[in-house]
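To keep things clear, I will list the structure first and then write my remarks on it.
The values are calculated or read from the model by the stated rules, or taken from the named source; none is laboratory data. Everything numeric here is computed off the predicted structure, so don't read it as measured data. Areas reflect the complete protein model, heavy atoms only, side chains present, ligands, DNA and RNA absent. Shrake-Rupley method; radii C 1.70, N 1.55, O 1.52, S 1.80 Å.
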Amino acid sequence: MAFLIVAGFVKETLPAGEAILFSLLGMAIVFFVLAALIGVIKLLSMLLRRNKKDAGATAAPVAEIPRKVPAPGSLGELKLHNVDDQTAAMLMAIVADEMKTPLNQLRFLSIRQTD
């Protein structure tokens, strides 16, 4: 039995058995296509992981050197000798202003008070 669907109108009605068969066949096709897509995605994932491992094995290992991590924007440690924090901050701001350079681009190693 053939049927014709034109603009959403069914020209011939199907018996219930055939309608159920067509709906089951349609669902089976959809599930088959979804399973095929899952298989393709897993295959690509395995290939990419294998390539990543191969690339990592050929690269020379880099030795990690343990270092103190400075605060964001700072350029290392500052040693203060007989100077309080407020005075050191004021001196660093004055030097940065005179040099017309942002403070985070300057590196102060030590500030010492002289008599």
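Listed by chain and number, the aspartates and glutamates placed with their C-alpha closer than 19 angstrom to that of K79 are D115; residues fewer than eight positions away on the same chain are left out.
Accessible area of R50 (1.4 Å probe, protein heavy atoms only, ligands and nucleic acids ignored): about 130 Å².
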